[in-house]
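All of the numbers you see were taken from the coordinates with simple rules; none came from a lab. Source: prediction; values computed, not measured. Here Cβ is always computed from backbone atoms with ideal geometry, including for glycine, and neighbour counts include all displayed protein chains.
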Amino acid sequence: MKKFTCVADIGPIDKAIADAALIKKDRFAFTELGRNKTLLMIFFNSSLRTRLSTQKAAMNLGMNVMVLDVNQGAWKLETERGVVMDGDKAEHLLEAIPVMGSYCDIIGVRSFAGLKDKVEDYEEKVIEQFIKYSGRPVFSMEAATRHPLQSYADLITIEEFKTKPRPKVVMTWAPHPRALPQAVPNSFAEWMNATDYDFVITHPRGYELDPKFTGRAKIEYDQRKALEGADFVYAKNWSAYTDPNYGKVLSTDRAWTVDAEKMALTDNAFFMHCLPVRRNMIVTDDVIESDRSIVIPEAANREISAQAVIKRLLESL
Ligand code: CP
């Protein structure tokens, strides 16, 4: 594997699940693979889980790790070609990328959607430039339209907790005060579509995602109906994708908050969220603190998904 930005890059899903299980059995079994190899993690946006879990995963593989927060201490970067650089941006990404590539063996990049220009966001300009100009294998630590390390961890978690061969997984939109990208729901949908799970998406009208990601999922606008018989409830907020409202918050209706009454409609479902989560907007305190909440093992599996991905990239060097 030379890059990891989407589910297609990981290949057969059963092998991805088996790889994760192997790592979980002994996460220090491959420490020789990364010896004298360096991972550079580049953050254009904030992070808790991705930063820590990916660094830990690389250390489990024996790698050295460098972290660059582009907005804290680095030169301000210009990303557009052709711009007269007479403003506050001192360095162009087109020089910065190969320079960064010269100091490491593998690069992880986090660069969120700006939510101003749909075409620009969905072109994945930043991570695609890293792939093109770094000369190194590149993986996404959440890009504009996908968060594949999160989705891989979500899949591992569902596999670990499922009690039926073909569980019903419901991804529900939930309210949030700020405009969030579609990366997590797009990516979760893409990974669920790679399984044979019964997969349902529920959201208010106006929050339709790109059909390229939702694929075979059943779209149900009635949240209660969608939740009936669910085995897993995956809550997430996202801003509008469809024009002319791209990137906008259309609703903060707390009737969509996941609470105990909604969970009672399910088949004793597990509650999932990628975190960070706004309590009592997305989910009530009692649901996230209940014994059916698996948000902590889900976050812990970020170390496993990151290790499985970095291991594959190391094997390709
Ligand atoms: N879920 C997730 O990616 O968390 P962070 O934004 O804290 O990395």
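Evaluate the distance, in nm, between pseudo-label points positioned 7 Å from the Cα of ASP243 and of LYS212 along their respective Cα→Cβ axes.
Distance between label points: 1.4 nm.
So, in nm, how far is label ARG254 from label MET85 when the simple model puts each one 7 Å beyond its Cα toward the Cβ?
4.8 nm
Could you work out how much longer the chain between MET1 and ASP26 gets when fully extended? Use 0.36 nm per residue separation minus the Cα distance between them, nm to one decimal.
So the extension gain works out to 6.8 nm.
Sequence-distant or interchain residues sharing an amide H contact under 5 Å with ILE219, placed H: which?
Sorted by chain and number, the residues that satisfy this are ILE201.
Run lengths n ≥ 4 of DSSP H only: what is the helix-derived mean residue ellipticity at 222 nm for the chain, with -39500 (n - 2.57) per run over all residues, to the nearest 500?
Calculated from helices alone, the mean residue ellipticity at 222 nm is -10000 deg cm²/dmol.
Around SER293, which amide H atoms from residues at least 5 apart in sequence, or from another chain, sit under 5 Å from its own amide H, with H modelled in the peptide plane?
Those lying under 5 Å, H to H, from SER293 are PHE271.
Going by amide H atoms built from the backbone, whose H comes under 5 Å of the H on VAL67, apart from near neighbours?
Here MET41 satisfy the definition.
For the ranges 78-87, 176-185, 244-253, 202-211, what's the packing order if you count other beta-carbon atoms within 10 Å of each residue, average per peptide, and put the highest first?
Output ranking for 78-87, 176-185, 244-253, 202-211: 176-185, 202-211, 244-253, 78-87.
Over the residues of the chain, compute the C-alpha Rg and express it relative to 2.2 N^0.38 Å.
Compared with the compact-globule rule of thumb, the chain sits at 1.00.
What list of ³J(HN,Hα) values in whole Hz, one per residue of the range 94-100 in order, does the Karplus curve 6.51 cos²θ - 1.76 cosθ + 1.60 (θ = phi - 60°) give from phi, with Gly and Pro shown as x?
Whole-Hz 3J(HN,Hα) from phi for the range 94-100: 5, 8, 4, 5, x, 5, 4.
Please turn the phi angles of the range 160-175 into ³J(HN,Hα) values with the Karplus equation 6.51 cos²θ - 1.76 cosθ + 1.60 (θ = phi - 60°), one per residue in order, whole Hz, x for glycine and proline.
Computed from phi, the couplings for the range 160-175 are 6, 9, 5, 10, 10, x, 10, x, 8, 10, 10, 9, 10, 5, 9, x Hz.
At a 10 angstrom cut-off on C-beta neighbours, averaged per residue, how do the peptides 267-278, 15-26 rank from highest to lowest?
So the order, starting with the most tightly packed, is 267-278, 15-26.
For the range 235-245, in order, what is each residue's ³J(HN,Hα) by Karplus, 6.51 cos²θ - 1.76 cosθ + 1.60 with θ = phi - 60°, in whole Hz (x at glycine and Pro)?
Taking θ as phi minus 60°, the curve returns 8, 6, 9, 8, 7, 5, 9, 7, 6, x, 9 Hz for the range 235-245.
Tell me, what is the FRET efficiency for ARG292 and LYS116 to the nearest 0.05, using R0 = 41 angstrom and their Cβ-Cβ distance as r?
Using R0 = 41 Å, I get an efficiency of 0.60.
Under 16 Å Cα-Cα from LYS56, which aspartates and glutamates qualify once same-chain neighbours fewer than 8 residues away are excluded?
Cα-Cα hits under 16 Å: ASP26, GLU32, GLU298, GLU303.
Mind checking which lysines have their C-alpha under 25 Å from LYS116, skipping anything on the same chain fewer than 8 residues away?
Reachable lysines: LYS76, LYS89, LYS125, LYS132, LYS212, LYS236, LYS248.
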